[in-house]
1. Under the condition of being loosely packed, with under 13 Cβ neighbours inside 10 Å and of a type outside the set (A, V, I, L, M, F, W, C), which residue from the range 264-283 is farthest from ligand 1 (Cβ to nearest atom)?
2. Checking the condition within 16 Å of ligand 1 (Cβ to nearest atom), surrounded by fewer than 17 Cβ atoms within 10 Å (Cβ to Cβ) and among the polar types (S, T, N, Q), which residue from N243, N196 passes?
3. Of everything in the range 254-263 that's within 26 Å of K188 (Cα to Cα) and touching a Ser or Thr at 6+ places or on another chain (Cβ under 7 Å), which residue is nearest to ligand 1 (Cβ to nearest atom)?
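FYI, it's all coordinate maths here, none of it is from the lab. This one's a predicted model, so the numbers in the text were calculated from it and none came from an experiment. A quick note on method: Cβ atoms are made from the backbone with ideal geometry, for glycine too, and the neighbour counts reach across all protein chains shown.
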Amino acid sequence: MDQLLDVYVNVEGPSGHNSKWKRKRGSSDTIYENEDKVHAVEPNSPAVRGAGNVKSCRAVAVCLALLCLLLLAGLITLVFLFIQAKSEWKMEMVKLHNNLTSERNKLQMSYMNLSEEREQLQMSFSNLSEEQDQLQKRFEDITNERNELEKRLLALRSYGWIYFSSSLYYISSSKKSWQQSRADCLQKGADLVIINSHEEQEFIQTFKKLIWIGLTDMESEGKWKWVDGTPLTTSYWDRNEPNGVPDRDEDCAEIKKYDSEQSWNDESCGLERFWICEKLLFQ
Ligand code: MAN
Ligand code: CA
């Protein structure tokens, strides 16, 4: 480089002047100056051309340096941007990872809940199936029972029994004493009628006959009881009844005033009356 840039200006000065030229060594370019005087230099002389080249070289060097600086700045900027982008990308990745982890946890929780729910539903389904089987069985049993009862009812109707409010009633066509009447009912698998509702009382009235009912105080005077042993609570005695005193000996109850709801009378048990037997449908 030194050799390239070394410029020797060795021109003879005007006659009589000894020029003294000193070589100055600089950095990259070497310039020879005349220590004593500046002499006029001709344009286009090699010296002038050399000086021009030096300037051009300097400009090129400056340009190159600037270019290097620019490139360096660009490189630094790129590196900075790259680091920043990488950092942001890392942060995004961490965020994404966290979101995914959170989503995965949620899904796992949801899956566990659904599994639990499914187990409960399966259990519930199993219980319901069992219940359905039991209900189906019960339905079949009840259907069979109903069919049996219908058959039984048809048979009993054919023997003169009447169905009313879950009971079957048999009204006699002959008259007997209270004891004989009861015996007939027992023999039929029933007993003398027990009246335990207003509707039943009305139903018995419809036969419009003197009828023995299943009520007596023969065990203890004045303590009226039904044939099943239950004490009398609701009664439909006629006015001034029961009036059986020991000398009248009226220990059995009959329907007498059948046009009135208050139709009962106590009467001597040996007298003959029609009678009504009752049997419960479900017993
Ligand atoms: C008759 C009998 C009695 C009844 C009276 C009512 O004497 O039936 O049981 O109490 O009539 O007048
Ligand atoms: Ca009486």
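1. Going through the qualifying residues, I end up with Q283.
2. Going through N243, N196 in turn, the sole match is N243.
3. That would be K256.
Residues checked against (1) closer than 30 Å to D266 by Cα; (2) free of Cβ contacts under 8 Å to residues at least 40 places away in the same chain; (3) among the small types (G, A, S); (4) in a helix (DSSP H, G or I):
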position: K90; (1), (2), (3), (4): no, yes, no, yes
position: L100; (1), (2), (3), (4): no, yes, no, yes
position: R104; (1), (2), (3), (4): no, yes, no, yes
position: Q134; (1), (2), (3), (4): no, yes, no, yes
position: E148; (1), (2), (3), (4): no, yes, no, yes
position: R152; (1), (2), (3), (4): no, yes, no, yes
position: R157; (1), (2), (3), (4): no, yes, no, yes
position: Y170; (1), (2), (3), (4): yes, no, no, no
position: Q179; (1), (2), (3), (4): yes, no, no, yes
